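S.K.: Just dropping this structure here.
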Amino acid sequence: MPPYATVPEADLTLRDQLALDRTVLANERTLLAYLRTALALVAGGLTLLHFVDAAWAAVIGGAALPLSVVVGAYGAWRFTRTRRRLRAIGAS
């Protein structure tokens with residue numbers, strides 16, 4: 001038996017609202033993870049380009065910078081899409 005089985009039917013809307021709130025917070029944490037990854041790619045790419053004098057470092061560092069833009073943009077797009085979907089079903 002689930003723990004909410006003893007809750008009256010009228011109070012289940014609170015449970016649903018709390019689930020939506022948790023989902024909104026999870027969406028924000030996911031955006032921050034994407035941005036943190038993008039920032040790490042920028043830092044790593046710039047470090048390789050600046051401090052390592054090897055051809056492989058220039059290739060990897062040069063690839064990390066545009067990849068960071070892609071990761072950040074994808075994270076922002078995914079956050080916005082999920083936020084719109086959540087607002088459509090009643091989350092604030």
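S.K.: Go through segment 18-43 residue by residue and tally those that are closer than 24 Å to LEU86 by Cβ and either at pLDDT 95 or above or loosely packed, with under 13 Cβ neighbours inside 10 Å (or both).
M.R.: Restricting attention to segment 18-43, the residues satisfying the condition of being closer than 24 Å to LEU86 by Cβ are 18-38.
If we keep only those that are either at pLDDT 95 or above or loosely packed, with under 13 Cβ neighbours inside 10 Å (or both) too, we end up with 18-19, 22, 25-38.
Going through segment 18-43 one residue at a time, the tally reaches 17.
S.K.: Could you please tell me which pairs satisfy a Cβ distance under 8 Å, a separation of 6+ or placement on different chains, a first residue in segment 18-39 that is over 14 Å from ILE89 (Cα atoms), and a second residue that is among the aromatic types (Phe, Trp, Tyr) and part of a helix (DSSP H, G or I)?
M.R.: ASN27/PHE79; GLU28/PHE79; THR30/PHE79; LEU31/PHE79; TYR34/TYR74; TYR34/PHE79
S.K.: Return the total of residues in segment 44-58 being loosely packed, with under 12 Cβ neighbours inside 10 Å and part of a helix (DSSP H, G or I).
M.R.: 4
S.K.: Only one of PHE51, PHE79 is modelled with pLDDT of 95 or more and either under 30 Å from ALA19 (Cα atoms) or touching a strand residue (DSSP E or B) at 6+ places or on another chain (Cβ under 9 Å) (or both). Can you tell me which?
M.R.: Values: PHE51 fails: either under 30 Å from ALA19 (Cα atoms) or touching a strand residue (DSSP E or B) at 6+ places or on another chain (Cβ under 9 Å) (or both).
Matching residue, one of PHE51, PHE79: PHE79.
The values are calculated or read from the model by the stated rules, or taken from the named source; none is laboratory data. Owing to the predicted nature of the structure, the values given are computational and were not obtained by experimental measurement. Ideal geometry is used to build each Cβ from the backbone, glycine not excepted, and the neighbour counts take in all protein chains shown.
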